[in-house]
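The values are calculated or read from the model by the stated rules, or taken from the named source; none is laboratory data. Being a predicted model, the structure only gives us computed values, none of them experimental. Cβ atoms come from the backbone with ideal geometry, glycine included; neighbour counts cover every protein chain shown. Just so you know, the surface numbers come from the protein's heavy atoms only, side chains and all, with ligands and any DNA or RNA stripped out. Shrake-Rupley method; radii C 1.70, N 1.55, O 1.52, S 1.80 Å.
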Amino acid sequence: MQTKFILGEDRIPTHWYNIIPDMPGPLAPVIHPGTLKPAKPEDLTPLFPMNLIEQEVSSERWIAIPEPVREIYRLWRPSPLHRAHRLEQALGTPAHIYYKYEGVSPAGSHKPNTAVPQAYYNKLAGTKRIATETGAGQWGSSMALATRMFGLECTVYMVKVSFTQKPYRKSMMQLWGANVIPSPSDQTNAGRSILAADRDSQGSLGIAISEAVEDAVTHKDTHYALGSVLNHVCMHQTVIGQEAKEQLKLAGEGLPDVVIACHGGGSNFAGIAFPFVAEKIAGKKVRALAVEPSSCPSLTKGVYTFDYGDTTKLGPIAKMYTLGHDFIPPGIHAGGLRYHGASPLVSQLVDAGLVEARAVGQLACFEAAVQFAGTEGIIPAPESSHAIRAAIDEAMTAKEEQKERVILFNLSGHGHVDMAAYDAYFAGELEDYAYPGEKVKEALSRLPKIAL
Ligand SMILES: Cc1ncc(COP(=O)(O)O)c(C=O)c1O
């Protein structure tokens with residue numbers, strides 16, 4: 001009854017998998033927020049260094065991982081693949097449940113898989129400081145870690161509700177040398193305009209992105225970094241799925257029946273699923289399922305259209321599933337899933353029917369997280385609990401149908417810095433927010449009008 005499937009450091013992938021050449025159709029262009037016309041690569045240079053812009057639009061299927069990045073990956077990669085024997089027994093399911101555990105990274109989630117290469121490419125390009133945002137604090141702490149390793153400065157705009165809920169995430173970022181600012185702040189025009197309209201605004205990822213983007217474009221030595229959504233970010237995460245494929249072979253399994261991950265901006269989903277979606281595009285049978293909160297259901301209730309990636313319309317416009325750029329999701333504890341949009345690549349795959357999406361409520365997710373912690377031991381991040389919920393539901397369907405299905409999910413992070421959320425759950429203080437349909441309708445009335 002082997003439980004952990006471990007690869008040696010020599011099996012850290014040598015390349016990232018870029019799904020762009022395998023996509024079912026051409027990509028929609030990225031639109032310049034000022035001209036409302038397709039952006040050229042050089043339009044993005046105030047935000048990103050050219051080496052990362054080139055990756056964003058690359059049509060090469062495999063991109064070599066630079067050795068200094070692989071050297072840092074060695075601190076925690078390859079991450080283990082676990083067979084959830086004890087959870088399977090508790091559920092009485094014939095399904096084989098596997099999870100890839102990304103909580104073993106120093107910051108406690110999958111986010112350093114892209115923070116490290118983003119810091120590396122910025123260092124190569126001569127950037128002195130990175131400005132970024134963070135929702136749950138996982139991305140900000142990952143970027144603080146990565147900038148520290150490459151000797152860059154780091155400013156993190158942290159969504160105010162998380163700043164209050166997760167003071168120790170702030171401490172982690174400070175420990176790694178970052179300057180952490182609660183957002184909306186009075187340090188940027190974007191933050192000041194939000195505060196003028198609502199002094200008590202608890203912030204959102206969209207607002208924090210606006211502040212970080214403004215900081216980057218108004219400082220010559222500073223670039224912006226995004227922890228999800230973009231093509232190159234999704235690509236950096238594909239080390240997860242590539243390793244999982246090899247580990248499933250070690251476990252004596254073929255392709256899984258279903259690959260599951262939670263979905264905020266799409267990066268951990270893309271990371272575990274894209275190497276399997278490639279097989280699906282090539283004609284193999286494998287499902288890919290993205291799981292999002294029912295209070296912020298961009299993939300299941302959003303519209304597939306052009307929208308701004310940030311609230312105050314400073315950043316590029318992309319074609320994606322969106323709830324409207326100024327929709328502010330309820331303050332659920334899975335802060336990293338409170339994003340109005342989605343990765344354009346994941347969106348296109350959902351639209352093409354190659355990826356499924358499902359929305360789940362926060363109480364059902366906490367229930368699944370507690371069951372998981374009680375059997376497998378690991379306390380999951382509230383974001384990751386969305387994947388656990390769906391994995392348990394799939395395992396119960398397999399039980400009803402008496403099918404020995406193989407279920408693979410990504411445990412994107414641990415919840416050690418999220419204990420306030422668990423406290424609130426046990427105190428009965430958490431609620432399942434009704435789908436804020438009216439607010440979404442209102443936000444969708446303010447989509448940009450793009451004529452291509
Ligand atoms: C642990 C964890 N999982 C998942 C996510 C969601 O992001 P993404 O959809 O980019 O993977 C976050 C975001 O902060 C996170 O912290």
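Among the residues making up segment 87-113, those that are assigned to a loop (DSSP other than H, G, I, E, B) and either closer than 24 Å to Ala225 by Cα or of a type in the set (Gly, Ala, Ser) (or both) are Gly92, Ala95, Ser105, Pro106, Ala107, Gly108, His110, Lys111.
Just so you know, in segment 364-383 the residues that are out of contact with any His (no Cβ under 8 Å at 6 or more places or on another chain) and of a type in the set (Gly, Ala, Ser) include one that is nearest to the ligand (Cβ to nearest atom), and it is Ala369. The selection criterion, being open to solvent by less than 30 Å² (accessible area, probe 1.4 Å), under 17 Å from the mean Cα position of the chain (by Cα) and hydrophobic (A, V, I, L, M, F, W, C), does not hold for Ile378.
Identify the residue in segment 218-273 that is of a type in the set (Lys, Arg) and more than 30 Å from Ala125 (Cα to Cα) and, among all such residues, is nearest to the ligand (Cβ to nearest atom). Among residues in segment 218-273 that are of a type in the set (Lys, Arg) and more than 30 Å from Ala125 (Cα to Cα), the one nearest to the ligand (Cβ to nearest atom) is Lys245. The condition (being in contact (Cβ under 8 Å) with a residue 12 or more places away in the chain and either more than 29 Å from Ile207 (Cβ to Cβ) or of a type in the set (S, T, N, Q) (or both)) is satisfied by just one residue among Val258, Val303: Val258. Met396 satisfies every condition listed in (1) surrounded by fewer than 24 Cβ atoms within 10 Å (Cβ to Cβ); (2) within 22 Å of the chain's Cα centre (by Cα) except (2). Taken over segment 216-234, the criterion of being buried (at least 23 other Cβ atoms within 10 Å of the Cβ) and more than 19 Å from the chain's Cα centre (by Cα) is satisfied by Ala216, His223.
Rundown of residues vs (1) among the polar types (S, T, N, Q); (2) within 10 Å of the ligand (Cβ to nearest atom), yes/no style:
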{"position": "Thr134", "(1), (2)": "yes, yes"}
{"position": "Ser142", "(1), (2)": "yes, yes"}
{"position": "Phe150", "(1), (2)": "no, no"}
{"position": "Glu153", "(1), (2)": "no, no"}
{"position": "Gln165", "(1), (2)": "yes, no"}
{"position": "Met172", "(1), (2)": "no, no"}
{"position": "Trp176", "(1), (2)": "no, no"}
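State which residue is nearest to Leu36 (Cα to Cα) when the search covers only segment 318-327 and only residues that are more than 13 Å from the ligand (Cβ to nearest atom) and surrounded by 24 or more Cβ atoms within 10 Å (Cβ to Cβ). Checking each candidate, the answer is Ala318. For Ile388, the test of being within 13 Å of the ligand (Cβ to nearest atom) and part of a loop (DSSP other than H, G, I, E, B) is failed. Based on this model, can you work out whether Gln237 counts as open to solvent by less than 10 Å² (accessible area, probe 1.4 Å), farther than 15 Å from Ala136 by Cβ and not basic (Lys, Arg)? Spelling it out, Gln237 is indeed open to solvent by less than 10 Å² (accessible area, probe 1.4 Å), farther than 15 Å from Ala136 by Cβ and not basic (Lys, Arg).
Candidates are the residues of segment 387-405 that are among the acidic types (Asp, Glu) and touching a residue at least 24 places away in the same chain (Cβ under 8 Å); the one that is farthest from Ser109 (Cα to Cα) is Glu404. Being in contact with a strand residue (DSSP E or B) (Cβ under 8 Å, 6 or more places away or on another chain), over 30 Å from Gln202 (Cβ atoms) and within 16 Å of the ligand (Cβ to nearest atom) is the requirement here; does Tyr101 meet it? The answer is yes for Tyr101.
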